[in-house]
Amino acid sequence: MLEAGQSHRAIGRQLRMTHRTVKSLADAARPDDRFRGQWQHKRTSALDEYKPYLDERWDEGSANAWKFWEEIIPLGDPGSYGIVSAYSRKKRTSPGPVTTQPSAPRVVSR
């Protein structure tokens, strides 16, 4: 639509978007450039290097976050008990493997 000579405002009216949204979509070189928010970025966690061990222990049938934390302390600094507990909670409540948060439906539909 931009190549056809339409303005951001005209495109926004047709697509029911603000002109700023149209501009940000048009300015993105790749679709990934549009993603925003902390969950889109590959942020590292103090627990990342221990996740394979925790997953292995989880598959063995253990699900106690406190015991997990006590077991990985001798392996190095895993961070606080809270991040171990949060990881265990995600595994406990998720039907599948723990992954990153999916994109919002609005972002995907665009």
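Just so you know, all these numbers are worked out from the coordinates, no wet-lab data involved. Keep in mind that this is a model prediction, so the values were computed, not measured. So basically every Cβ, Gly included, is an ideal-geometry build from the backbone, and we count neighbours across all protein chains shown.
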Measuring from label point to label point, each 7 Å out along Cα→Cβ, what is the Arg92 to Trp66 span in nm?
1.2 nm
With bins 10 Å wide starting at 0, give me the P(r) of the stretch 45-86 over every alpha carbon pair, in whole percents.
32, 63, 5
With label points set 7 Å from each Cα along the Cα-to-Cβ direction at Arg20 and Tyr53, the distance between them in nm comes to 4.7 nm
Distance in nm between Ile73 and Gln101 label points, each 7 Å along Cα→Cβ, equals 3.1 nm
